[in-house]
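Shown next, in structure tokens, is the structure this report addresses.
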Amino acid sequence: MPGKKEYIRNKKGSNISKIIIDRDLCIGAASCVATSPQTYKLDDENKAVVIDDNAASDEELILAAQSCPTKAIIIIDKSGKQIYP
Amino acid sequence: MQKVKYLIIGGGIAGTTAAETIHQNDRAGSIAIVSEEPYPLYSRIMLSKHNFYLPEGENKIWLKTPDWYAKENIGFLLGRTAIGLDANKKIVRLDNGEEVEYEKLLIATGSCARKWIAPGSDKKGVFSLRVLDDAKAIKEKMKTAKKAVAIGGGFISFEICDIARQFDIDMTLILRESYYWEPILDKNEAAVVEGALAASGVKTIKNTEVSEVVGGELVEGVILKNGSRIDCDMIIAGVGVVCALDWLSGSGLKANRGILANEYLETNFPDIWAAGDVAEFDDLILEERVQLGNWLNARQQGRIAGLNMVGEKTPFLLVTSYSTAGFGITISFIGDVRPSTDRTMISRGDPGSKSRARIIIKDGEIVGATLINLIPELHLMSKLIEINFKVSGHENELADHKFDLKTLIQP
């Protein structure tokens, strides 16, 4: 399943509205899983997927996105602006 | 002579993250990065991934644009190598004769591919993989190569064999050891990797070495120790990494395999820090001095070194890991995976299954683990390392693949 997968976040008080994973860029290095295990896992194709979009703090989500060696995680804020990368 | 407040040697993920961190915290402080490679920051991990080897693949690796540095007011000395350090005068000498004076210095030069040497190994068609130019050359050669030989069992061989099969190149893997990645993996873990390689058509020859590379100007084959010959038009050697520290000799900077640093990544000189693959640092969680070559480690150390260079006193505290996916399996390394004589090992996993692990224990605590097809246990294993879990009395649980590791971690 190629392409981008979007996850909507409704966490109260969070400034992040959406997590997008670019599956074509994801290489399964699992840096996101290591940084935010409550948010990410690798699926059967060894691509990152979000298991809980509301579990982690904003800070942890940004750190996990920044840890990705291929910039496969895109973070969108409440106003719809891309805040990472 | 150029003078900067913060001088960073090394333009990889550690050095660039440090520069970014410094700039966020000291807007007025001048920063310069010296980078041996003539490129802005790219993802080194991508050099051994499928995406890079696709047409247009090179466009997918960039993490910074060429104009980012100027926009952030970070000086960027591309294609320059540091060749000398005067730690007392606080001056770094570059290969073009230029000298740069610093107030604070970060060394984040990473590591280089260890040169594979055999008679004839200087022929055209012998490659190693560490920097972008290496990867470009390999990619170009793969377009026409028919038969290739990979030397050494490790991440590079695993990933490069996977890519070569994508190009339909006939692959033979030569191992000096008796099984794949001995002794870093255990035999059962290695069997899963070897099975995956074989299923994809990679031939593995163990317990042998290349005694000679044959051919004219170009590689035509290799002769093994037992005299047998394998024809090939390409050789890729992945025989480990070394840090280039020659330029520091005589500087008084203490080094072993890497540059010695404490938990704040400070070296024995008060204004010099080390970060990333080149740092041999005091890891407070592992309770040992260790050198780790992975992306997460390099990135986070760049951040910590940057913070400490602007005046904070933050220790490096992170259990780092690296995973790779290929041939339908995953391999993960967490923490310090060296099975040295001062450690004990516990193998985990169903002997018949393709999911295996080995846990490395030192002084009664877990310091590292290798996982095959066990990404779901990656963070649990990291957590057990982080909380200094006492193994005593839990050996059987750790060895039992049906036992849920989560129950060992207090909420």
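Quick notes on this one:
- Whenever a residue of region B:200-222 is farther than 11 Å from B:Asp233 by Cβ, its partners that are open to solvent by 30 Å² or more (accessible area, probe 1.4 Å) and aliphatic (A, V, I, L, M), lying with C-beta atoms within less than 9 angstrom and at least six residues away or across chains, give the pairs B:Thr204/B:Ala198; B:Val210/B:Ile223; B:Ser211/B:Ile223; B:Glu212/B:Ile223; B:Val213/B:Val126; B:Val213/B:Ile223; B:Val214/B:Ile223.
- Of all the residues in region B:57-75, those that are of a type in the set (D, E, K, R), part of a helix (DSSP H, G or I) and more than 15 Å from A:Cys26 (Cα to Cα) number 2.
- Put simply, of B:Ala399, B:Ala357 the only residue that is more than 11 Å from every other protein chain (Cβ to nearest Cβ), open to solvent by less than 10 Å² (accessible area, probe 1.4 Å), at negative phi and touching a residue at least 12 places away in the same chain (Cβ under 8 Å) is B:Ala357.
- For the criterion of being modelled with pLDDT under 95 and within 27 Å of B:Gln24 (Cα to Cα), B:Ile61 passes.
- Scanning region A:1-41 for residues that are part of a strand (DSSP E or B), surrounded by fewer than 22 Cβ atoms within 10 Å (Cβ to Cβ), in contact with a helix residue (DSSP H, G or I) (Cβ under 9 Å, 6 or more places away or on another chain) and within 11 Å of chain B (Cβ to nearest Cβ) yields one hit, A:Lys41.
- Which numbered condition A:Ile51 fails, given (1) open to solvent by 40 Å² or more (accessible area, probe 1.4 Å); (2) under 25 Å from B:Thr21 (Cα atoms); (3) not small (Gly, Ala, Ser): (2)
- Of all residues making up region A:42-63, the number that are part of a loop (DSSP other than H, G, I, E, B), within 14 Å of chain B (Cβ to nearest Cβ), more than 18 Å from B:Leu296 (Cβ to Cβ) and not small (Gly, Ala, Ser): 6
- Sole exception among (1) buried (at least 17 other Cβ atoms within 10 Å of the Cβ); (2) within 13 Å of chain A (Cβ to nearest Cβ); (3) more than 21 Å from A:Ala34 (Cβ to Cβ) for B:Gly328, by number: (1)
- Residue satisfying condition, being closer than 16 Å to B:Ala108 by Cβ, more than 25 Å from the chain's Cα centre (by Cα) and away from chain A (no Cβ under 14 Å), within set B:Ile91, B:Ile74: B:Ile74
- Residues located in region B:188-201, provided they are surrounded by fewer than 22 Cβ atoms within 10 Å (Cβ to Cβ) and touching a strand residue (DSSP E or B) at 6+ places or on another chain (Cβ under 9 Å): B:Asn188, B:Ala191, B:Val192, B:Glu194, B:Gly195, B:Ala198, B:Ser200, B:Gly201
- With respect to the stated conditions, A:Gln66 is under 28 Å from B:Leu54 (Cα atoms), of a type outside the set (Asp, Glu) and within 12 Å of chain B (Cβ to nearest Cβ).
- Taking region B:62-71 as the range and being surrounded by fewer than 17 Cβ atoms within 10 Å (Cβ to Cβ) and either closer than 27 Å to B:Phe158 by Cα or within 13 Å of another protein chain (Cβ to nearest Cβ) (or both) as the test, the residues that pass are B:Trp62, B:Thr65, B:Trp68.
- Residues that are within 29 Å of B:Leu245 (Cβ to Cβ), open to solvent by 70 Å² or more (accessible area, probe 1.4 Å) and at the interface with another protein chain (Cβ under 10 Å from one of its Cβ atoms) within region B:30-61 comprise just one, B:Arg44.
- Hey, B:Ser249 touching a residue at least 24 places away in the same chain (Cβ under 8 Å) and of a type in the set (Ser, Thr, Tyr) or not: no
The values are calculated or read from the model by the stated rules, or taken from the named source; none is laboratory data. What you see is a predicted model; the values in this text were computed from it and never measured. Positions of Cβ are backbone-derived with ideal geometry, glycine not excepted, and every protein chain shown enters the neighbour counts. The accessibility values were calculated without ligands, DNA or RNA, using every heavy atom of the protein model including side chains. Shrake-Rupley method; radii C 1.70, N 1.55, O 1.52, S 1.80 Å.
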